[in-house]
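The structure appears below as structure tokens.
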Amino acid sequence: MNIAILGAGNIGGPLGRHWAAAGHRVTFGSRDPGRLGSLVEPLGERARAAAHADAVAASEVVLLSVPHPALDGLLRQLAGPLAGKTVIDATSPIGVSDDGLFVSVLEPGVTQGSRTAERLPGAAVARAFCHFPDELLWSRGTRQPHFWGMGTACDDPGARQVTETLVRDAGFAPVHLGGLKESAALDPGGALFGYVSTAAGLRAAAGR
Ligand SMILES: NC(=O)c1ccc[n+]([C@@H]2O[C@H](COP(=O)([O-])OP(=O)(O)OC[C@H]3O[C@@H](n4cnc5c(N)ncnc54)[C@H](OP(=O)(O)O)[C@@H]3O)[C@@H](O)[C@H]2O)c1
């Protein structure tokens, strides 16, 4: 697959390494692509860095992995070019409550997946990689491939298949939780947020 990763940081960097190693072509989208040489060069000819719009134009699958406050601006710019693509949203609308708990900053009852889908009516949106700690993405995916579970959600069957393939190609076992409206478990404050377990462990924690 041709994959654009918008936001080559803690989440986008290791996922790009996994996917390039699995044989995909990865374009890291950046505000300053010239700065990504140390990430891209070791990955060989299957990886490159580009401006966000160029990365999207070159890809049929797009990972959203920028800080959540930057997401709306990016989606406003790219909603047209993202039409027809599978868009995997890994972002987290994270806040901390007065009593120190992680909470979603979205309106009550709104999931991050539904919110992104509303902003991208022409795209097939999925959720994945959004509940899992970044520092374990490379180590768990490479040392114990397909042992650890990764929660996913999606309304579109084709995008679900693509997302589950890319979860496996990153070394994890996909756990489909249902449609985007049913994906609150993956958002901050949800049952799976920050939770690391096997596929069966994720299903049990999510009550599936
Ligand atoms: N960290 C975690 O454990 C974790 C776990 C699950 C989900 N998430 C979510 O995944 C997303 C990415 O997290 P992260 O820790 O990988 O983020 P990050 O490393 O802080 O940032 C990712 C990249 O986004 C770009 N960026 C930063 N500020 C931006 C802005 N204002 N506008 C546009 N692009 C900007 C930067 O790339 P350029 O400078 O190259 O443009 C940066 O390298 C977040 O929404 C986060 O909530 C994080």
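Quick check on my filter: what residues within the stretch 113-129 are touching a residue at least 60 places away in the same chain (Cβ under 8 Å), farther than 17 Å from LEU78 by Cβ and crowded, with 23+ Cβ neighbours inside 10 Å? Across the stretch 113-129, the qualifying residues are GLY113, PHE129.
In this structure, ARG143 does not satisfy being touching a His at 6+ places or on another chain (Cβ under 7 Å) and away from the ligand (no atom under 16 Å from the Cβ). Looking across the stretch 79-95, just one residue is more than 26 Å from GLY189 (Cβ to Cβ) and either touching a residue at least 60 places away in the same chain (Cβ under 8 Å) or hydroxyl-bearing (Ser, Thr, Tyr) (or both), and that is THR86. Scanning the stretch 9-50 for residues that are within 13 Å of the ligand (Cβ to nearest atom) and part of a loop (DSSP other than H, G, I, E, B) yields GLY9, ASN10, ILE11, ARG31, ASP32.
Remark: ALA8 matches the filter, which requires a residue to be over 24 Å from GLY158 (Cβ atoms), hydrophobic (A, V, I, L, M, F, W, C), crowded, with 21+ Cβ neighbours inside 10 Å and touching a residue at least 40 places away in the same chain (Cβ under 8 Å). The residue that is farthest from GLY179 (Cα to Cα), counting only those in the stretch 131-144 that are without any contact (Cβ under 8 Å) to a residue 60 or more places away in the chain and under 18 Å from the mean Cα position of the chain (by Cα), is SER139. Criterion applied to GLU135, GLU107 was being loosely packed, with under 15 Cβ neighbours inside 10 Å and either in contact with a Cys (Cβ under 9 Å, 6 or more places away or on another chain) or more than 21 Å from LEU166 (Cβ to Cβ) (or both), and the one residue passing it is GLU107. Of everything in the stretch 60-73 that is near the ligand (Cβ under 9 Å from one of its atoms) and closer than 18 Å to ALA128 by Cα, the residue that is surrounded by the fewest Cβ atoms within 10 Å (Cβ to Cβ) is PRO67. Suppose the filter is more than 20 Å from ASP169 (Cβ to Cβ), surrounded by fewer than 19 Cβ atoms within 10 Å (Cβ to Cβ) and at pLDDT 95 or above; does ALA57 pass it? So ALA57 fits the description; yes. Please go through the stretch 151-208 and pick out each residue that is more than 21 Å from MET1 (Cβ to Cβ), free of Cβ contacts under 8 Å to residues at least 24 places away in the same chain and in a helix (DSSP H, G or I). Passing the criteria: ALA204, ALA205. Residues considered: ARG119, ARG76. Of these, the only one that is within 16 Å of the ligand (Cβ to nearest atom), among the basic types (Lys, Arg), farther than 25 Å from ALA191 by Cβ and over 17 Å from the mean Cα position of the chain (by Cα) is ARG76. Residue count for the stretch 97-115 satisfying the condition of being more than 11 Å from the ligand (Cβ to nearest atom), part of a loop (DSSP other than H, G, I, E, B) and not small (Gly, Ala, Ser): 8.
The values are calculated or read from the model by the stated rules, or taken from the named source; none is laboratory data. In this text the structure is predicted, and so the values were computed from the model without any measurement. As a convention, Cβ positions derive from the backbone with ideal geometry for all residues, glycine included, and neighbour counts pool all protein chains shown.
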